[in-house]
Amino acid sequence: MVQPNSTNTRRHFLKSSLTTTVAASGMAVGLPAFLSGCVNTVETGRTQRQWDAEANLIKGMVKRPTFAKRQANVADFFKQHNENFKQALHAAVDQLASQGGGKVVVPKGDWLCNGPIHLQSNINLHLDQGATIRFSTNPEDYKPYVFTRWEGMELMGYSPLIYAFEKTNIAITGKGTLDGSAAKDNWWPWKGKWKASTWGDDPVENQKYTRDTLQEMVEKGTPVSDRVFENNYLRPPFIQPYRCENVLIEGVTILRSPFWLVNPVLCKNVTVNDVYCKSFGPNSDGCDPESCTNVLISHCTFDTGDDCIAIKSGRNADGRRVNVPCSNIVIEHCEMKAGHGGVVIGSEISGGVENLYAQYCTMSSPDLDRGIRIKTNSIRGGHLKNLNYRNIDIGTVKDAVVVNFFYEEGDAGNYPPLLEDISIENLNVASAKRAFVLRGYDHTPIAGLTLNNVTIKRALKSPIIENVAQFSLNNVFINNQPFRNSGL
């Protein structure tokens, strides 16, 4: 089981390492305010070398898994197991795991998997180019229940389609395809009302019936082992490593997920590289690291029905009980197409997030609702600090930058969010409905937000700015006019 370091240990390590790295290069040390201990200092912008040093330090801490050179081909086990792909694959996994691990190869072909794939330590699940694994859509195939998280709440629920629990050195690689087979006649209607469709009149199989009860259990502190539902309508995520260390997902295409696509939870050292995510169902988030430490998401393409990337850390009482932030995250060279948001924080962010660096990304689609987005409320809360965005190009988007404390329940709780050191630099937007939607509370305004070199070439409506403090602007242009924070 991975035991994440304490917040203070991570903070001290990052501060010390950055100081050493930057000072050794002969530069003046310009650390994030919370790292330097000056929490009231407003960030005025880092030099490119300082930013590079901080982001590269995190990338250097992300440890990729390594594997023995031995291999096992699923095709060699197929006939032995009555041409049952799931059984053949697990036989190959078991054999390699007993030998110390290696690569389990899924060769070219169309393979039907009648249930979940459970990975073991030191196993690389490799899909050759031309290989497609199509997953069953029968919920009974994803039993027995496993320890999982659903929208930031722990329970005993359906197994994710690909799952690993407390494993070390695991990977999903190759140029093949993972197809969850989710559609309008399976999995997705469990969402209930969604967009213009309700999937029928008040369907019996509706997640609200399970979700509401789970939320009550979370608030009461019901043990996770007792959070079990005979009638469970909570769709499983596609890929969920849980409490794992050294995780790699690389090269694959992921299609038609029941729920979130890539969802590592409480993991350390996560690399998601060169992955293509395409799924337009409800809650089809592309990549959602939750309460993870040391994460690199790079060279990926997201075309989704919900957020492209969403950083999370647990919901409400469960997020505060587990109390592990998502920390040390680098997102770079990614393309965001359709989705509710490009790079998103929240909404299940009760455990907080720290040390995010998003850079060199492109976003553009008439179906992309928001570019940079932070969503939370005073029930979910969260301490969000040292979040950095730079060199991001957005073509068409509805709202370019959104910080919203009124997401869903709004100001109805006792845990107002706390923002600290949020920096957006070199952001270029061709066309937006609005440049900014910034909505804080009168009792807890948005603070610590810095914008440097931001150009919104075309904005159709005026920005919405409510209850914002410590808003630092430098070289910000909207519709070819300099934008100033007068009246805030």
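The values are calculated or read from the model by the stated rules, or taken from the named source; none is laboratory data. Computed from a prediction, not measured in an experiment: that's the story for all the values here. Here the Cβ positions follow ideal geometry from the backbone for every residue, glycine too, while neighbour counts run over all protein chains shown.
Miscellaneous remarks
- Residue that is nearest to residue 254 (Cα to Cα), among those in region 192-230 that are basic (Lys, Arg) and at pLDDT 95 or above: 211
- Residues satisfying the stated conditions in region 272-290, i.e. buried (at least 23 other Cβ atoms within 10 Å of the Cβ) and either part of a strand (DSSP E or B) or of a type in the set (Lys, Arg) (or both): 272, 277, 279, 287, 290
- The residues of region 82-100 that are surrounded by 16 or more Cβ atoms within 10 Å (Cβ to Cβ), out of contact with any Lys or Arg (no Cβ under 9 Å at 6 or more places or on another chain) and farther than 17 Å from residue 133 by Cα amount to a single one, 97.
- Number of the exception - residue 48 against (1) in contact with a His (Cβ under 9 Å, 6 or more places away or on another chain); (2) outside the structural domain of residue 124 (by TED's automatic domain parsing): (1)
- Some residue of region 385-394 being free of Cβ contacts under 8 Å to residues at least 60 places away in the same chain and in contact with a Lys or Arg (Cβ under 9 Å, 6 or more places away or on another chain): no
- Test: residue in region 403-425 that is over 28 Å from residue 380 (Cα atoms) and surrounded by fewer than 20 Cβ atoms within 10 Å (Cβ to Cβ): no
- Unique residue being basic (Lys, Arg) and surrounded by fewer than 17 Cβ atoms within 10 Å (Cβ to Cβ) when the list is 191, 208: 208
- Any hit, region 313-329, residues being closer than 24 Å to residue 400 by Cβ, in the same structural domain as residue 424 (by TED's automatic domain parsing) and not in a strand (DSSP E or B): no
- If you go through region 41-94 and pick out every residue that is at positive phi and assigned to a helix (DSSP H, G or I), you end up with 0.
- A single member of 273, 294, 263 is of a type outside the set (Ser, Thr, Tyr), modelled with pLDDT of 95 or more and in contact with a helix residue (DSSP H, G or I) (Cβ under 8 Å, 6 or more places away or on another chain), and it is 294.
- In region 409-443, the residues that are polar (S, T, N, Q) and in contact with a Lys or Arg (Cβ under 9 Å, 6 or more places away or on another chain): 423, 426, 428, 431
- In this structure, residue 262 does not qualify as touching a residue at least 24 places away in the same chain (Cβ under 8 Å), closer than 22 Å to residue 55 by Cα and crowded, with 24+ Cβ neighbours inside 10 Å.
- Residues of region 208-258 satisfying the condition of being within 20 Å of residue 181 (Cα to Cα), within 23 Å of the chain's Cα centre (by Cα) and in a loop (DSSP other than H, G, I, E, B): 233, 234, 235, 236, 237, 238, 251, 252, 256, 257, 258
- Unique match (being closer than 27 Å to residue 151 by Cβ and modelled with pLDDT of 95 or more) among 458, 370: 370
Per-residue answers, yes or no, for (1) part of a strand (DSSP E or B); (2) buried (at least 18 other Cβ atoms within 10 Å of the Cβ); (3) touching a residue at least 12 places away in the same chain (Cβ under 8 Å):
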| position | (1), (2), (3) |
| --- | --- |
| 450 | yes, yes, yes |
| 462 | no, no, yes |
| 465 | yes, yes, yes |
| 474 | yes, no, yes |
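- Only one of the numbered conditions (1) part of a loop (DSSP other than H, G, I, E, B); (2) within 23 Å of the chain's Cα centre (by Cα); (3) of a type in the set (S, T, N, Q) is violated by residue 414, and that is (2).
- The condition of being within 27 Å of the chain's Cα centre (by Cα) and on the phi < 0 side of the Ramachandran plot holds for only one of 403, 476, that being 403.
- Odd one out for residue 338 among (1) more than 11 Å from the chain's Cα centre (by Cα); (2) more than 24 Å from residue 363 (Cα to Cα): (2)
- Considering region 337-358, the residues that are of a type in the set (A, V, I, L, M, F, W, C) and more than 15 Å from residue 297 (Cβ to Cβ) include one that is modelled with the highest pLDDT, namely 349.
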